[in-house]
Amino acid sequence: MQSAASSRVRTDGPAPALLRAALDAADEAVLLCGTVDDEILLVNAAAARLVPGLTPGGACPLDGLTGALATGADSFTDEYAGRHLAGRRRALDAGHYGWYLRDRTEEVNRAAALQAERARTSFLAEAGRRLSTSLHQGRCLRTTAEMAVAHLADAAVVVLPADRRRNTWLRLAEGGRIEEGTVPESRLADVPGLVEVLGGFPPIPSRWLDAAQAPEWLGLGPIGALLVTPLPGNAAPAGALILARRDRAFTPDDEILARSFAARAGAALSAAGLYREQADTAAILQADLLPPELIQLDGVELVGSYQAAHEAARIGGDFYDVFAPNQPGGDTVLALGDVCGTGPEAAVLTGKVRQTLRALHLVDADPTAMLRVLNQALLQSGRPHRFVTLVVGALRRAEHGRVRLTLATGGHPPPLVLRNDGQVEEVPVSGTLIGAVRETVVHPAEVELAPGELCLLYSDGLTEARGGPTATDQYGEARLRAALSTCQGLPATATVERLRQLVSDWMHGGARDDIAMLAVRAPAGRP
């Protein structure tokens, strides 16, 4: 039987020299080991270059190899002198085996780079998704700070451009809470690079910024590295993003990622700011187009109701208005109309019609004169197909608690009167469409309301509302009169609300046109 000593590779004689030469000529790193005590018997030239500390019979510097020998594993991975190594065991003969080593540093680096790129791509995709889901500037600010702290830094501050010589900022530190505040424009220079970034200049590399100069108002505590990057907006910076780390510097890759994130955050903040400006402008313009608060007249009930075709807009083509008397004892003027179209364009025309009627009331024009002058004004506006149906009334108190109404219409459904006995009468008025033809034909009428009686002005959106069993039937004038007759004795507010609810139930929540109502009810008892 061959002894253990004789099974080792001998280091003298021609055979071992030939074996060494053959192994040294190989490009692959090889360690020749004995099976008896796992001693390294031979290290070829490639292995010596790959692991300089490996020597035959010496201590093994590879912890991974030592672990594999202890557990009997056939493979291992290890890091040595900044290199990533992998080894695999191969049996050679009964007394020998070899460890074949491979340098996998480039492979590991490529995998790490790929993983890092995927992480960056995922982060930027998430940032784009979260920032694009809201046009609320406050939410965009919070999202920017939260994502910056989660992925880029230990703390973040978002600074917005100056408004009235003060800059708004929002701050978030890791594990902390969101804080907001303002800082005078004169203090911006306290932060290195901030003035340049807000002025639209390129960011200064973090290695050129002295983190020790960061002012106390930033509230970031001890800072080891500082990065200030712009938030690009629409033709002007939307703000600046200040990132701080406590104990590690920003690498060039970190700065590239921060700028990519800032570009998305800046676009979102710019869009949110533009939306806020437009919303503020729309709110200012809309305020004059919304239904007015009605004046209260010595016991006479005046109640209006308006439902826009698009609830979100709150404005549309139907309207009502009430103009107080110019002098004591004068007439109160009522108006309810329906301009062509719906939405903002119709609302603009509505505003012009209401202002024209108000001006005509100031010169004490009667309802018929109002319709004729308004017709000429629309025809001379230079814009075709801008017409309106309208009912105008002059209201005054009469004897014994009665109310007298002089009504005139231009292409509009005649008002309805609810008598105390439950009967519903149509006021006998008629007239041509306003803004459609040059010659205006108006046939006014006068009606008196006894105490407790009611006159209803309404737009055709009420009678043309579609619904019912087939979802296509119009509500119609007959149903409106029948519904109004059931409101005998009810206050004007309850009457309008009941009609509104009945029509809503008829439509089952379906599409509708603008609907406007204006109810006038004489005092229920003699004053």
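Considering (1) closer than 30 Å to ASP254 by Cβ; (2) touching a residue at least 12 places away in the same chain (Cβ under 8 Å); (3) exposed (fewer than 13 other Cβ atoms within 10 Å of the Cβ), say which one ARG129 fails and leave the rest.
Failed condition: (2).
Taking the stretch 169-212, which residues are over 23 Å from ALA150 (Cβ atoms) and open to solvent by 80 Å² or more (accessible area, probe 1.4 Å)?
Matches in the stretch 169-212: SER186, ARG187, PHE201, PRO202, ARG207, TRP208, ALA212.
I'd like to check something: does the stretch 373-386 contain any residue that is in a strand (DSSP E or B), of a type outside the set (Ser, Thr, Tyr) and under 18 Å from ASN326 (Cβ atoms)?
As a first pass, look at the stretch 373-386 and keep what is in a strand (DSSP E or B): none.
No; the residues of the stretch 373-386 include none that is in a strand (DSSP E or B), of a type outside the set (Ser, Thr, Tyr) and under 18 Å from ASN326 (Cβ atoms).
Which of the residues belonging to the stretch 231-267 are under 16 Å from THR168 (Cβ atoms) and crowded, with 23+ Cβ neighbours inside 10 Å?
LEU231, ALA238, GLY239, ALA240, LEU241, ILE242, ALA265, GLY266
Tell me, which residue of the stretch 350-388 that is under 14 Å from LEU334 (Cα atoms) and in contact with a Gly (Cβ under 8 Å, 6 or more places away or on another chain) is most open to solvent (accessible area, probe 1.4 Å)?
Only one residue fits best here, namely ASP364.
How many of the residues in the stretch 146-168 are assigned to a helix (DSSP H, G or I), surrounded by fewer than 20 Cβ atoms within 10 Å (Cβ to Cβ) and either in contact (Cβ under 8 Å) with a residue 40 or more places away in the chain or acidic (Asp, Glu) (or both)?
2
With respect to THR143, is the statement that it is among the β-branched types (Val, Ile, Thr), open to solvent by 60 Å² or more (accessible area, probe 1.4 Å) and in a helix (DSSP H, G or I) true?
Numbers: among the β-branched types (Val, Ile, Thr): yes; open to solvent by 60 Å² or more (accessible area, probe 1.4 Å): no; in a helix (DSSP H, G or I): yes.
Criteria not met by THR143.
Can you name every residue in the stretch 102-115 that is open to solvent by 40 Å² or more (accessible area, probe 1.4 Å) and in a helix (DSSP H, G or I)?
The first filter runs over the stretch 102-115 and keeps only residues open to solvent by 40 Å² or more (accessible area, probe 1.4 Å), leaving 102-104, 106-107, 109-115.
GLU106, GLU107, ASN109, ARG110, ALA111, ALA112, ALA113, LEU114, GLN115, listed by residue number.
Being charged (D, E, K, R) and at pLDDT 90 or above is true for just one of ARG20, ARG10, ARG49. Which residue is that? Give the steps one after another, and end with the answer.
On the way: ARG20 fails: at pLDDT 90 or above; ARG10 fails: at pLDDT 90 or above.
When all the criteria are applied, what remains is ARG49.
Could you check how many residues of the stretch 403-418 are in contact with a Ser or Thr (Cβ under 6 Å, 6 or more places away or on another chain) and either of a type in the set (A, V, I, L, M, F, W, C) or open to solvent by 20 Å² or more (accessible area, probe 1.4 Å) (or both)?
Selection size over the stretch 403-418: 2.
In the stretch 32-82, what count of residues is obtained for those that are buried (at least 16 other Cβ atoms within 10 Å of the Cβ), under 58 Å from the mean Cα position of the chain (by Cα) and assigned to a helix (DSSP H, G or I)?
Summing the residues that are buried (at least 16 other Cβ atoms within 10 Å of the Cβ), under 58 Å from the mean Cα position of the chain (by Cα) and assigned to a helix (DSSP H, G or I) in the stretch 32-82 gives 4.
I need every pair where a residue in the stretch 474-498 that is on the phi < 0 side of the Ramachandran plot has its Cβ under 8 Å from the Cβ of a residue that is among the β-branched types (Val, Ile, Thr) and open to solvent by 60 Å² or more (accessible area, probe 1.4 Å), sequence separation at least 6 or different chains.
Final answer for the pair search is ARG498/THR486.
Given the stretch 424-527, what strands (runs of 3 or more DSSP E) lie entirely inside it while holding 1 or more residues that are open to solvent by less than 60 Å² (accessible area, probe 1.4 Å) and in contact with a Phe, Trp or Tyr (Cβ under 9 Å, 6 or more places away or on another chain)? Give the steps one after another, and end with the answer.
Values: elements: 424-426, 445-449, 454-458, 515-521.
Correct list: 454-458, 515-521.
Scan the stretch 85-96 residue by residue and report those that are closer than 14 Å to ALA29 by Cα, touching a Ser or Thr at 6+ places or on another chain (Cβ under 6 Å) and open to solvent by less than 90 Å² (accessible area, probe 1.4 Å). Reasoning before the result, please.
Of the stretch 85-96, the ones closer than 14 Å to ALA29 by Cα are 85-90.
Retained after the next criterion (residues that are touching a Ser or Thr at 6+ places or on another chain (Cβ under 6 Å)): 86, 88.
Within the stretch 85-96, ALA86 is the sole residue that qualifies.
The values are calculated or read from the model by the stated rules, or taken from the named source; none is laboratory data. From a predicted model like this one, the values you see are computed outputs, not experimental measurements. Heads up, the Cβs are rebuilt from the backbone with ideal geometry, glycines too, and the neighbour counts pull from every protein chain shown. All accessible areas refer to the heavy atoms of the entire protein, side chains included, with ligands and DNA or RNA removed. Shrake-Rupley method; radii C 1.70, N 1.55, O 1.52, S 1.80 Å.
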